[in-house]
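Readers should treat all values here as calculations from the given coordinates under stated rules, not as data from a laboratory. Only a predicted model underlies this, so the values are computations on that prediction, with no experimental measurement involved. We place every Cβ from the backbone using ideal geometry, glycine too, and count neighbours over all the protein chains shown.
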Amino acid sequence: MNPLIDLVHIDRSHSINGTAYHTDQILLLVVGFEMISNIGVLLIYPFFCYVVIKSNIVHHNVRLQLCTAASFYSIGVLVRFYLFYCQYTVVPDDETVNKRIYDD
């Protein structure tokens, strides 16, 4: 095993059969609201880009920058879904990645 990987290894033995989401319902409600709002934002982005591209008031480069920023933000929102999945299910994502890299 790589010694650098051992330095950043996260001990997950304390979270057997559950996470903080299973014990704290308010936390689960807050995260649920966040996920619903993220889905809403992802649904609004195509319409936002359509309206921005069709408007002729603003310079074309500014319109492209707005749509590009929306695209990058949507990638960040999608990554947040993956992070929530890893937190909720206690999936050892770092160990999975390390196993794929160092199983030579």
Report the label-to-label distance for residue 50 and residue 88 in nanometres (one decimal), using points 7 Å from each Cα along the Cα→Cβ vector.
2.9
At q = 0.16, 0.24, 0.26, 0.31 1/Å the base-10 log of I(q)/I(0) from the Debye formula over the alpha-carbon atoms of the stretch 36-86 is -0.50, -0.86, -0.94, -1.14
Full-extension gain in nm, residue 69 to residue 34, via 0.36 nm per residue minus C-alpha separation:
10.6 nm
